[in-house]
Amino acid sequence: MDFHTACEKAKAFTKKPSDSEFLEFYGLYKQSTIGDVNIPAPGALDLKNKAKWDAWNKHKGLSQDAAQAAYIATYEKYAPKYA
């Protein structure tokens, strides 16, 4: 399976992943498509965007290829639960 297929299949999950699982996907997706975080961290009171920024920044330094492989592995881990 390639990265883009895993993305499409993850979007088509029949059940919604938990917030922490969603953030796992989000951080790896952003690292895969953009690379290291390139925006300033949101303020501490902006909890949702701060959590998303932290999830992305957690993968800083990971190559885009490695991030894509990790995204596919994450999809395969959760697919039986949500697909």
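FYI, it's all coordinate maths here, none of it is from the lab. Source: prediction; values computed, not measured. Here the Cβ positions follow ideal geometry from the backbone for every residue, glycine too, while neighbour counts run over all protein chains shown.
In what order do GLU21, GLU76 fall by count of nearby beta-carbon atoms within 10 Å, going from fewest to most? Let's see the in-between values first.
Values: GLU21 16, GLU76 12.
Sorted ascending by nearby Cβ count, the order is GLU76, GLU21.
State the three equivalent ellipsoid semi-axes of the range 3-82, derived from the C-alpha gyration tensor as the square roots of 5 times its eigenvalues, in descending order and whole Å.
On the way: eigenvalues 91, 53, 14 Å².
In descending order the semi-axes read 21, 16, 8 Å.
Suppose R0 equals 22 Å. What FRET efficiency, 1/(1 + (r/R0)^6) with r the Cβ-Cβ distance, do ASP36 and ASP2 give to the nearest 0.05?
The calculated FRET efficiency here is 0.45.
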